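Report on one structure; see the data block that follows.
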Amino acid sequence: LCRNTYCNSRETLLRSTVRAHMDKLKDQHGIVGMTRLASVFLIRLCTVETALYLDFFGDKKVEETKEDNKSKKEGPSSFASQVVSDDGTYYDKDFQAYLTSLTSALHRTIRRGLVTLLELDTLCQIVSVLREERSMASSSPTTTAAARSISSVIEDAQERLIFCATNSLTKEVIRFKPTPKDLDYPNKLVNKTDLSKESSTSEEDAIQKQMQIYESWFPPIRSVLKILSKIFRVVEPRVFEDIALQSVQSCTRSLQDGAAYIQKRSGTIHSDLFLVKHLLILREQLSPFDIDLRAVERQLDFSDAGKAVSRFLANRNRRLFSMSTENALVTLLREGVSINEESVDSKRDLEEALRTACNNFIDHSSNSLAGEVMDLVSKLNGATPESLKKAPFFNAAKVKELLAKTAENFETKAADISTQMSLYLDNPATQSILLKPIAKKNTKALDEIRKAVCDFPDGENGWDGSIRSEVLLLVDECDKAAKKAARGPR
């Protein structure tokens with residue numbers, strides 16, 4: 001009874017004072033500064049109150065310890081830390097309830113501020129500060145009440161952070177509607193290159209250059225990476241992986257939609273390079289997070305529900321109240337509703353989208369460099385030796401004209417593609433990786449034409465030894481140009 005009366009009296013005395021102090025801290029220092037100062041204040045308050053409580057109701061065996069501490073003129077915090085290991089009085093239910101009531105002022109004050117916060121940076125700072133203070137509070141048994149109160153505030157702050165992050169991703173990625181300015185490629189990259197040249201002459205700092213590169217990225221990818229980098233260390237790993245999985249899926253779809261728009265506006269090559277550039281950025285920037293991006297989606301399947309209901313109604317001897325597995329309602333649910341499971345792997349889907357984009361760029365670039373050669377090879381593969389003798393597309397003069405035109409324009413077109421790649425891909429190694437398959441594909445097509453020309457008999461379809469030599473020289477010239485293009489600009 002005495003302990004209960006003491007706790008009630010102390011609570012009545014301190015409750016309003018503690019709450020007023022919390023409100024004052026919030027007004028003077030803002031919610032982030034108040035979070036740290038209030039947590040330190042509550043930890044100190046719990047220590048002092050524990051020492052005072054032990055002074056009244058502690059075990060008599062620790063009186064000598066108390067006298068020793070008084071002689072050393074140590075404060076109540078030091079006294080409490082020394083006597084709690086020998087005295088379990090502070091574990092009293094009434095006293096712990098009293099401390100919980102006092103520390104709830106922190107939860108009350110911060111929660112009122114959290115519900116209006118929308119800034120991810122502020123929420124992340126609050127969670128980080130609270131985690132530090134919780135670690136300090138958990139280190140002493142006298143401040144477990146403060147640690148519990150801080151933990152509850154952390155949960156609320158994380159919940160608010162997850163809500164705001166999800167809301168931002170929905171607005172900036174899932175429901176993102178790009179403007180023509182957002183998809184003004186390659187002009188955005190040309191402007192970035194011009195600014196980089198100007199900054200290099202004026203010795204502008206590296207941070208400004210990095211910002212220019214960042215601003216040239218497609219807005220959804222900027223939003224995804226910005227939000228994920230902020231919440232990475234302040235939410236639980238499973239929650240982060242779930243948010244990241246949905247973000248990567250939505251960002252990939254948004255990139256593909258943007259590429260389709262650029263294809264109509266600027267051409268296929270720019271569309272492919274736009275997709276390759278941003279998928280590479282997304283993959284590279286996600287690697288430090290070290291997450292799986294895998295999940296299993298479960299959905300209810302009601303496709304057999306109609307048949308199950310028909311069987312249920314047709315069964316006149318159905319047992320509705322049976323306690324066995326033959327219960328008609330249980331059978332209806334078992335037969336009419338099933339669960340479909342589908343494995344989702346966003347990292348795999350990202351790699352597949354990147355592979356497809358690279359293959360499309362290789363195909364389109366090969367056709368741009370030597371489209372007529374590719375068409376000729378396709379026709380050769382579909383023709384028989386007999387049909388080639390009269391085929392118009394394999395007339396010696398036409399083949400010579402086709403190869404001469406290809407050889408004449410090959411270097412110019414290859415230089416254009418290299419220039420476009422330099423705009424989108426800053427790494428020369430990445431450019432080389434994409435150029436080599438293009439050259440290989442062109443070389444393979446030229447080898448097939450060379451073989452067909454060498455095997456074709458003289459006197460048919462305008463072919464003879466003289467024109468064959470001229471055509472083979474043109475094939476070699478195109479082959480050299482293709483191999484030179486594979487080395488890229490020097």
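The values are calculated or read from the model by the stated rules, or taken from the named source; none is laboratory data. Worth saying up front: this structure is predicted, and the values here are computed from it rather than measured. Don't worry about glycine lacking a Cβ; one is built from the backbone with ideal geometry, like all the others, and counts go over all protein chains shown. Just the protein is used for accessible areas: all its heavy atoms, side chains included, with ligands, DNA and RNA removed. Shrake-Rupley method; radii C 1.70, N 1.55, O 1.52, S 1.80 Å.
For the pair residue 283 and residue 405, a Förster radius of 41 Å applied to the C-beta separation gives a FRET efficiency near 0.55, rounded to the nearest 0.05.
The gain in end-to-end length when the residue 4 to residue 170 segment is fully stretched comes to 54.6 nm, 0.36 nm per residue minus the alpha carbon separation.
Rounded to the nearest Hz, the phi-derived 3J(HN,Hα) couplings of the range 225-235 under the Karplus curve 6.51 cos²θ - 1.76 cosθ + 1.60 (θ = phi - 60°) are 5, 5, 5, 5, 5, 6, 8, 3, 9, 10, 10, where x marks glycine and proline. Note on residue 352: accessible area approximately 100 square angstrom, rounded to 10, probe 1.4 Å, nucleic acids and ligands left out.
In the range 439-457, whose amide N lies under 17 Å from the spot 7 Å out along Cα-to-Cβ of residue 368? List them in ranges. Only 439-442 pass the distance filter. Charge dipole (Cα centre; +1 on Lys/Arg Cβ, -1 on Asp/Glu Cβ; no other charges) of the range 387-490 amounts to roughly 320 debye. What's the center-to-center distance, using Cα atoms, between the range 394-438 and the range 11-51 in Å? So the two Cα centres are separated by 71 Å. Placing a pseudo-label 7 Å from each Cα along the Cα-to-Cβ vector at residue 397 and residue 436 gives an inter-label distance of 4.3 nm. Note that the range 263-274 has calculated 3J(HN,Hα) couplings of 4, 6, 8, 10, x, 5, 4, 5, 4, 5, 5, 4 Hz, one per residue in order, obtained from phi through the Karplus relation 6.51 cos²θ - 1.76 cosθ + 1.60 (θ = phi - 60°); glycine and proline are x.
Our estimate of slack between residue 351 and residue 112, defined as 0.36 nm per intervening residue step minus the Cα-Cα distance, is 81.6 nm. Using R₀ = 35 Å, calculate the FRET efficiency as 1/(1 + (r/R₀)^6) where r is the Cβ-Cβ separation of residue 455 and residue 242; round to 0.05. FRET efficiency, residue 455 to residue 242: 0.05. For the range 145-154, the Karplus equation 6.51 cos²θ - 1.76 cosθ + 1.60, evaluated at θ = phi - 60°, returns couplings of 5, 5, 4, 5, 5, 5, 4, 5, 5, 4 Hz by residue, with Gly and Pro reported as x.
Computed over the range 378-432, the alpha-carbon pair-distance distribution with 5 angstrom bins reads 4, 16, 15, 13, 11, 11, 11, 9, 7, 2, 0, each value a whole percent.
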